[in-house]
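Structure first, commentary second.
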Amino acid sequence: MAATNRPRRSMLYMPGSNARALEKARGLAADALIFDLEDAVAPEAKAAARATISAALAGGYGGRELLLRTNGLDTPWGEDDIKAAAAMPVDAVLLPKVESAATIHRAAAILEQAGAPAAMAIWCMMETPLGILRAEEIAAAHPRVAGFVMGTNDLVNDLHARHTRDRLPLITGLGLCLLAARAYGLSVIDGVYRDLDDDEGFAFACQQGLEWGFDGKSLIHPKTIAIANAVFSPDPAELETARRTIAGFEAAQAEGKAVVLVDGKLVEALHVANAKRLVALADQIVALHQE
């Protein structure tokens with residue numbers, strides 16, 4: 001299931017057991033919401049949280065992309081979470097700590113047996129060394145696979161690494177997942193930033209993620225939405241260049257020219273494809289937040 005070009009600048013985790021937070025999320029500017037049944041919910045509250053999320057979803061969340069993060073299939077709750085997701089109006093399930101294609105196959109089988117729509121996708125948390133090493137296998141595992149969400153805090157812990165501003169300890173793992181995701185047409189979302197009081201550091205991490213090729217940032221607090229949205233949005237100058245690139249290329253083609261120069265730079269089909277992607281993304285951002 002190839003990823004669409006829909007906006008994923010900000011993907012906010014929502015605690016599944018907190019009905020008040022789920023209600024508040026209807027007015028937030030996040031592009032996507034992750035309803036969390038895993039880390040954010042205590043073991044004794046997991047079954048009730050499924051019902052809380054289901055009730056909240058009945059009220060609708062506009063055009064936002066909606067994901068349900070399930071518990072792992074090696075836990076007492078994972079299979080029931082996936083069965084519940086099949087009947088919910090969500091776009092995808094997000095599986096934690098994915099480490100093999102076998103996990104994807106099992107989750108897909110559960111979804112299909114539970115009557116999930118064909119369009120319901122599977123997203124994968126990439127957060128362990130073994131999962132990272134098998135990124136390509138996981139990306140190619142099943143047509144329902146649509147994206148990766150990086151679990152950078154877990155990965156740092158498992159690597160016995162350190163959280164640094166430049167994230168050099170993570171660059172190999174992040175790069176492998178970016179390569180696998182793009183090779184198989186998936187979306188890929190950067191990991192959360194831990195320090196909610198460090199706006200400058202968060203903005204730096206978002207810019208770094210954008211430059212590396214991520215589609216957006218996963219978030220743990222609404223206060224970070226605005227920065228993520230700003231960084232991962234095409235800026236006006238970039239959009240104007242993209243539109244000139246498209247127009248110049250099409251005009252040159254109409255005249256039968258093989259070489260196209262826009263603003264003094266050589267333009268090829270690959271540049272036009274990226275320009276069209278940026279323009280379409282900007283249009284979808286506007287449409288999403290007008291709903």
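Quick check on the range 87-102. Is at least one of its residues assigned to a helix (DSSP H, G or I), in contact (Cβ under 8 Å) with a residue 24 or more places away in the chain and not aliphatic (A, V, I, L, M)?
No, the range 87-102 contains no residue that is assigned to a helix (DSSP H, G or I), in contact (Cβ under 8 Å) with a residue 24 or more places away in the chain and not aliphatic (A, V, I, L, M).
Counting the residues of the range 94-143 that are over 19 Å from Leu178 (Cα atoms) and of a type outside the set (Ser, Thr, Tyr) gives 17.
Figure legend. Inter-residue proximity from the range 29-46: first residues at pLDDT below 95, second residues surrounded by fewer than 24 Cβ atoms within 10 Å (Cβ to Cβ) and not small (Gly, Ala, Ser), beta-carbon distance below 6 Å, spacing 6+ or different chains. Indicated pairs: Ala40/Pro15. Within the range 253-261, can one find any residue that is exposed (fewer than 13 other Cβ atoms within 10 Å of the Cβ) and touching a residue at least 24 places away in the same chain (Cβ under 8 Å)? Taking every residue of the range 253-261 in turn, none turns out to be exposed (fewer than 13 other Cβ atoms within 10 Å of the Cβ) and touching a residue at least 24 places away in the same chain (Cβ under 8 Å). Restricted to the range 141-189, and to residues there that are aliphatic (A, V, I, L, M) and assigned to a loop (DSSP other than H, G, I, E, B), the residue that is nearest to Asp39 (Cα to Cα) is Ala161.
Cβ-Cβ distances below 7 Å connect the following pairs, each with a first residue in the range 187-202 that is closer than 14 Å to Lys223 by Cβ and free of Cβ contacts under 8 Å to residues at least 60 places away in the same chain, a second residue that is acidic (Asp, Glu) and part of a loop (DSSP other than H, G, I, E, B), and a separation of six or more residues or different chains: Gly201/Asp195. Out of all the residues in the range 211-237, which are surrounded by 14 or more Cβ atoms within 10 Å (Cβ to Cβ) and among the acidic types (Asp, Glu)? Once the filter is applied, which keeps residues that are surrounded by 14 or more Cβ atoms within 10 Å (Cβ to Cβ) and among the acidic types (Asp, Glu), the range 211-237 yields only Asp215.
Could you pull out the residue among Leu94, Leu57 that is surrounded by 22 or more Cβ atoms within 10 Å (Cβ to Cβ), of a type outside the set (Lys, Arg) and within 20 Å of the chain's Cα centre (by Cα)?
Values: Leu57 fails: surrounded by 22 or more Cβ atoms within 10 Å (Cβ to Cβ).
After applying the criteria, what remains is Leu94.
The values are calculated or read from the model by the stated rules, or taken from the named source; none is laboratory data. Predicted model only: the values in this text are computed from it and were never measured. Virtual Cβ from ideal backbone geometry, glycine too; neighbours counted across all protein chains shown.
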